[in-house]
Amino acid sequence: MKTIKTYKNETLDDIELNDEYEELELINCKCQKIDLTKAKLNYFEISESLIESSNFANLDLREKTIIKTTFKNCNFLGTNLSGAYLKDIIFENCNFTYANFSTAHLEKTTFKNCNLKDATLYKIEQSKLKFEDCNLDSVDVFETNLKNIDLRTCNINHIKIDIPSMKGLIVNEEQALALAKFLQIEIK
């Protein structure tokens, strides 16, 4: 049986949400140590919440909505966020290794000290996207406008990026030398 559940103005601590949800909403909640890894989510929305030390690994969050929420120390390993709508979001110390953001809409979204190793940022729509001290090692970035995105404090080793996506990207000298390989420039 599918469940419809709305948590509003609640504190959730150390719980597993592992049902099949027709609808699941977290509105103005404070959540710590929640585990959604076994949940099946048809409709899922988080808004105006604080989520800490929680597990979203391998969760299917395709085309889901998250607004005005802060995530701290959360695990999004392998999570599918393709087509998701994220607005006014802060991710701090979160793991996004192998996460998929293809075609996601990221508006006023900040990643601080996050690991995005081997994540996919294909055709994302973004406005005021920020990365601070993030690991972007081996990230796939294609057909994504990164104009005015500052990656100077990030690790971009082995990044896979197309030339149009680099236009207007802000990097340091060392990163610029590494990105020169995509322009087939030989530096001697």
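Some points to look at:
- Residue list for the range 7-46, restricted to those being modelled with pLDDT of 95 or more, among the polar types (S, T, N, Q) and surrounded by fewer than 14 Cβ atoms within 10 Å (Cβ to Cβ): Asn9, Thr11
- All positions within the range 75-106 that are among the polar types (S, T, N, Q), farther than 17 Å from Val141 by Cβ and touching a Lys or Arg at 6+ places or on another chain (Cβ under 7 Å): Asn80, Asn93
- Taken as a whole, the structure places Leu77 among residues that are buried (at least 16 other Cβ atoms within 10 Å of the Cβ), at pLDDT 95 or above and part of a loop (DSSP other than H, G, I, E, B).
- Set side by side, the residues Leu183, Leu151, Leu146, Leu179 differ, and just one is farther than 23 Å from Ser54 by Cα, surrounded by fewer than 16 Cβ atoms within 10 Å (Cβ to Cβ) and touching a helix residue (DSSP H, G or I) at 6+ places or on another chain (Cβ under 9 Å), which is Leu183.
- Taking first residues from the range 76-89 that are closer than 18 Å to Leu129 by Cα and partners that are assigned to a loop (DSSP other than H, G, I, E, B) and of a type in the set (Asp, Glu), the Cβ contacts under 8 Å between residues at least 6 apart in sequence or on separate chains come to Ser82/Glu63; Gly83/Glu63; Ala84/Glu63; Tyr85/Glu63.
- Enumeration of residues in the range 31-54 that are in contact with an Asp or Glu (Cβ under 8 Å, 6 or more places away or on another chain) and within 17 Å of Glu92 (Cβ to Cβ): Cys31, Gln32, Lys33, Ile34, Ile46, Ser54
- Test result for Asp14, more than 18 Å from Leu81 (Cβ to Cβ) and of a type outside the set (A, V, I, L, M, F, W, C): yes
- Within the range 123-156, the set of residues being out of contact with any Ser or Thr (no Cβ under 9 Å at 6 or more places or on another chain) and charged (D, E, K, R) comprises Asp137, Lys147, Asp150, Arg152.
- Elements of the type strands (runs of 3 or more DSSP E) sitting completely within the range 94-188 and holding at least 1 residues that are more than 15 Å from Ser82 (Cβ to Cβ) and modelled with pLDDT of 95 or more: these cover 105-112, 125-127, 130-132.
The values are calculated or read from the model by the stated rules, or taken from the named source; none is laboratory data. All values derive from a computational prediction rather than experimental measurement. FYI the Cβ positions are ideal-geometry reconstructions off the backbone, even for glycines, and counts take in every protein chain you see.
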